[in-house]
Amino acid sequence: MKYSIFKRGFDFLFSLIFLIILLPFFLIISLMIITTDGFPIFYNQKRVGKDQKIFKILKFRTMKKNAETQGKLTIGEKDPRITKIGYFLRKYKIDELPQLWNILKGDMSFIGPRPEVPEYVAMYNDQQKEVLSVRPGLSDYASLRYINENEILSHYPSPDDAYINILLPQKIKLSKKYIAEMSLKTDFEITIKTIKKILNNV
């Protein structure tokens, strides 16, 4: 309980600091999106958070308009629905940075299970719903293991079935492992490993 309070205070303070520092960078990215593919700049999607609360996750838009009507999963590195600037933003996880706003509001944390869409959460059994007992985050053990999730799914004849029946159960298992081990030390280690993973793409 004490760590949860500390974690929320840390999330609020550092998300605010990063949002202020990154504002000029956000403006540059926004202009790049507008000049290459027009509006909107941001993409909102319903996700399930702590205690099954629905919230809208915020990302820089990386896909063509109305792309979600062709499926929620992004398959492979060359999904034709991804915009030119979108490839760059996704490769370096820049599209995820607006989620600092979700962290500031309390929808998310820096470290925690990645939030899923309601359609997939509806398939969870009672044990799997344990991942909804904490705030979702930008990264956790599952995010590290499946950082190239889109590429993995591209090798299956039915990516949606593969995600539901293979990847999703494994991701939930890893997210439950994070919850069991949640501590300042664990969060610090995951943060460092996440940064290293991203820098390896540079």
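Within region 166-182, the set of residues being surrounded by fewer than 11 Cβ atoms within 10 Å (Cβ to Cβ) and of a type outside the set (A, V, I, L, M) is empty.
Candidates in region 117-141 are the residues that are crowded, with 22+ Cβ neighbours inside 10 Å and in contact (Cβ under 8 Å) with a residue 60 or more places away in the chain; of these, the one that is farthest from the chain's Cα centre (by Cα) is R135. The residues on offer are I147, I111, I152, I172, and the sole one that is in contact with an Asp or Glu (Cβ under 8 Å, 6 or more places away or on another chain) and among the aliphatic types (A, V, I, L, M) is I111. Looking across region 30-58 at every residue that is in a helix (DSSP H, G or I) and out of contact with any Leu (no Cβ under 7 Å at 6 or more places or on another chain), the one that is surrounded by the most Cβ atoms within 10 Å (Cβ to Cβ) is identified as I33. Of all residues in region 184-200, those satisfying the criterion of being surrounded by 11 or more Cβ atoms within 10 Å (Cβ to Cβ) and either within 17 Å of the chain's Cα centre (by Cα) or not in a helix (DSSP H, G or I) (or both) are D187, I190, T191, K193, T194, I195, K197, I198.
Where a number appears in this text, it was derived from the coordinates with a stated rule and is not lab data. Quick caveat: nothing in here was measured; it's all calculated off a predicted structure. A quick note on method: Cβ atoms are made from the backbone with ideal geometry, for glycine too, and the neighbour counts reach across all protein chains shown.
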